[in-house]
1. In square angstrom, what is the accessible area per residue of region 14-94 with a 1.4 angstrom probe?
2. What is the log10 of I(q)/I(0) for region 20-137, computed with the Debye formula using one identical point scatterer on each Cα and no solvent, at q = 0.15, 0.16 Å⁻¹?
3. For region 72-141, compute the orientation-averaged projected area of the C-alpha convex hull (one quarter of its surface), in nm².
4. In region 47-136, carbon and sulfur make up what percent of the accessible area (probe 1.4 Å)?
5. Using the Cβ atoms and a cut-off under 11 Å, what net charge is assigned to the surroundings of Asn38, where Lys and Arg are +1 and Asp and Glu are -1?
6. Counting only protein chains, not ligands or nucleic acids, how are Phe135, Phe26 ordered by accessible area (probe 1.4 Å), most first?
Amino acid sequence: MKKCFIISVLTACLGTAVQAQGPWKFRMQSAENEINLNIDLYEESIDVPGMSMFGPMNGYIDGKGVYGVWMVTSVEIISDTQAKIHLSNDQGSETQPVRLTLTSDSTCLFEQTGGNVIKRAVNRKLVKVPAKMEFRLPASK
């Protein structure tokens with residue numbers, strides 16, 4: 001009887017600890033667009049490559065050909081499946097509001113709202129990235 005009680009208490013504590021991390025801390029990729037999304041919407045804990053002078057932030061996107069690094073500058077968690085973030089480029093000259101929707105434990109829909117300003121270099125020209133992208137957890141090796 002005591003063993004069952006102890007196991008139940010430990011299981012409840014472990015479940016609470018795992019749940020406390022929440023769904024809004026992950027690193028995902030849009031393989032088709034070669035873009036990475038690295039976020040922790042709960043606390044400023046992520047070092048942005050090349051931007052250490054700003055200290056840890058809530059996250060960033062970068063990737064092959066993406067013009068600069070786009071940092072998360074504000075966060076609004078709406079629910080366990082929806083959040084709004086604001087991105088700013090590494091020069092601070094452009095911002096982009098984004099709606100994030102978790103469609104499963106391993107998939108996140110990234111929708112740029114209020115226009116589309118994030119660009120990437122393609123054949124020596126700057127072109128806008130898709131306004132909607134699907135990000136997935138990276139495949140295990």
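The values are calculated or read from the model by the stated rules, or taken from the named source; none is laboratory data. Here the structure is a predicted model, which means the values were calculated and not measured. So basically every Cβ, Gly included, is an ideal-geometry build from the backbone, and we count neighbours across all protein chains shown. Accessible surface is based on the protein model in full, side chains and every heavy atom, while ligands, DNA and RNA are left aside. Shrake-Rupley method; radii C 1.70, N 1.55, O 1.52, S 1.80 Å.
1. Details: 4420 Å² over 81 residues.
So region 14-94 comes to 55 Å² accessible per residue, rounded to a whole number.
2. -0.61, -0.69
3. Values: hull surface 25.1 nm².
Hull-based average projected area comes out at 6.3 nm².
4. Working: 2430 of 4890 Å².
Taking all protein chains in place, region 47-136 shows 50 percent carbon and sulfur surface.
5. Values: positive: Lys25, Arg27; negative: Asp40, Asp47, Asp62.
Net of charged neighbours comes to -1.
6. On the way: Phe135 0, Phe26 25 Å².
Sorted descending by solvent-accessible area, the residues read Phe26, Phe135.
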